[in-house]
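Read the structure below first, then the notes.
The values are calculated or read from the model by the stated rules, or taken from the named source; none is laboratory data. Quick caveat, the model's predicted, so the values are computed rather than measured. Positions of Cβ are backbone-derived with ideal geometry, glycine not excepted, and every protein chain shown enters the neighbour counts. Ligands, DNA and RNA are stripped out before the accessible areas are found, and what is left, the full protein with its side chains, is counted by its heavy atoms. Shrake-Rupley method; radii C 1.70, N 1.55, O 1.52, S 1.80 Å.
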Amino acid sequence: MQNTARARIDLTALSHNLEVVRTLCPRSRIMAMLKADAYGHGALPAARALTAADGFAVARLQEAMLLREAAIAHRLLLLGTLLDQADLALCSEQNIDVTAHDENSVAAIAACARHWPLRVWLKLDCGMHRLGLDATAFVAADRLLSAHQGVSELVHMTHFSSTRDMTSTVMAQQIARFVACHEVNPKAQVSVSNSAVLIAKPALRTDWVRPGIMLYGENPLGDQQPLPLRAVMTLRARIIAVREIAIGESVGYDGCWTSQRPSRIATAGIGYGDGYPRQAGNGTPVWINGQRAALVGRVSMDSIGIDVTDCARVTVGDEATLWGPELPAGTIAECARTSSYELFTRLGSRVSREFIN
């Protein structure tokens, strides 16, 4: 049985991208992001391809346990989430680092660590206003946790809200807030760099860096600071029909695209039910038989229309590439008014995964 849509995951490209990170920050330890099933690439295969990383970070306890149950022995970091005393005890038992991101989590961790030692990452809200303690609460939490015998290691962390403009006043203010808070306990380790900050701010390549999207081949800064990253995922769909239409004929729901010439339209077996973005508009590029073609008509649940009038012969059974080395996911994301993060993580179970070593 064959699916009409498949994602090819190049694990050698994943390992290569980790080496790019290592080259940028040879003195930092690397906490590779494996949350959301390794950004849709498969957490277990990704972990096995990223053995040169120093640790893996996830967002849910079940993600961490999936790795432990598969005998992944790397250091694991559980990012901010809800954890009760039983969860915290399990984290201690399984050697999983936890994040203290509000006063409730600080109190729960302090209580648990009386009986179960924990490594703790203390998070400052420096302006993102998503997770993290304000400056006053951060200093108080540091005072409590750094003196706690059950806290075997303490790391100061934050997450900056800027993703592209690394020279903005907002970015400078957020860095200054973190530095002021860290100075209350300069012996604590530091982790502030996600992919964008890691690339743009060499001075912030501290004890731990936390690369995510760049491991999967996407540069969040684009052409501002090019890097030799390689696309890890190639999404392809097979052509299930080809038809000729006349001038003035429409394609797809609601007639949102009408032919201006006699046209050849290929229908590919992928749609928003598979995770291809429904908001992708007319003209979104598709790669087929060595040429660029264009999406036409509204994306359906199970299919898309492609104008292949100017392409070499396209027949039923041919494969179209929706994103990959020839067509960056970031390009498709711009056309769909979303991000490559969402494109990767929203792919559904109908899309077969093929892992290439």
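In order along region 208-222, the Karplus-derived 3J(HN,Hα) couplings, from 6.51 cos²θ - 1.76 cosθ + 1.60 at θ = phi - 60°, round to 10, 10, 10, x, x, 4, 5, 4, 9, x, 9, 8, x, 9, x Hz, and Gly and Pro are given as x.
Build a GNM of the chain with springs between Cα atoms under 10 Å apart, and of 202, 211, 117 the one that fluctuates most is 202.
How much FRET efficiency would the formula 1/(1 + (r/R0)^6) give for residue 52 and residue 316, where r is the Cβ-Cβ distance and R0 is 56 Å, rounded to 0.05? Show your work: numbers first, answer last.
Working: r = 43 Å, r/R0 = 0.77.
Rounded to the nearest 0.05, the efficiency is 0.85.
Computed per residue of the chain from DSSP H runs no shorter than four, each worth -39500 (n - 2.57), the mean residue ellipticity at 222 nm is -8000 deg cm²/dmol. In the assembled protein chains, residue 341 presents an accessible area of approximately 100 Å² (probe radius 1.4 Å). Here the chain is treated with +1 on each Lys and Arg Cβ and -1 on each Asp and Glu Cβ, and its dipole about the Cα centre works out to around 420 debye.
Let me check something: with ligands and nucleic acids excluded, how do 148, 156 order by accessible area (1.4 Å probe), largest to smallest? Provide the component values of the computation, followed by the final result.
Values: 148 35, 156 0 Å².
Result, largest first: 148, 156.
Less than 5 angstrom separates the built amide H of residue 190 from those of 156, 207, 208, all sequence-distant by 5 or more or on a different chain.
DSSP beta bridges fully contained in the chain are about 50 percent antiparallel. A probe of 1.4 angstrom, applied to the heavy atoms of all protein chains, finds residue 129 with accessible area near 150 square angstrom.
Relative contact order for region 36-174: what percent, with Cα pairs under 8 Å and sequence separation of 6 or more? Show your work: numbers first, answer last.
Numbers: 206 pairs, mean separation 23.3, N = 139.
Dividing the mean separation by the residue count of region 36-174 yields 17 percent.
Spin-label pair residue 85-residue 144: with each label point 7 Å from Cα along the Cα-Cβ axis, the two points sit 1.6 nm from one another.
Between residue 242 and residue 278, the modelled label-to-label distance comes to 3.1 nm, taking each label 7 Å out from Cα in the direction of the beta carbon. Accessible area ranking (1.4 Å probe, heavy atoms, ligands and nucleic acids excluded), largest first, for 121, 287: 287, 121.
Heavy-atom accessible area with a 1.4 Å probe sorts 326, 69, largest first, into 69, 326. Here the spin labels are modelled as points 7 Å beyond Cα on the Cα-Cβ line, and at residue 3 and residue 331 they lie 2.4 nm apart. The amide H of residue 119, built 1.01 Å from its N in the peptide plane, has 98, 152 as neighbours under 5 Å, considering only residues 5 or more places off or on other chains. Structure remark: mean-square fluctuation, Gaussian network model of the chain, C-alpha springs under 10 Å; the largest value among 95, 194, 289 belongs to 289. Residues in region 104-177 average 49 Å² of solvent-accessible surface per residue, probe 1.4 Å, ligands and nucleic acids excluded. Within the listed set 254, 84, 54, the residue fluctuating most in the Gaussian network model of the chain (springs between alpha-carbon atoms under 10 angstrom) is 254.
The share of accessible area on the chain that comes from carbon and sulfur is 50 percent, using a 1.4 angstrom probe.
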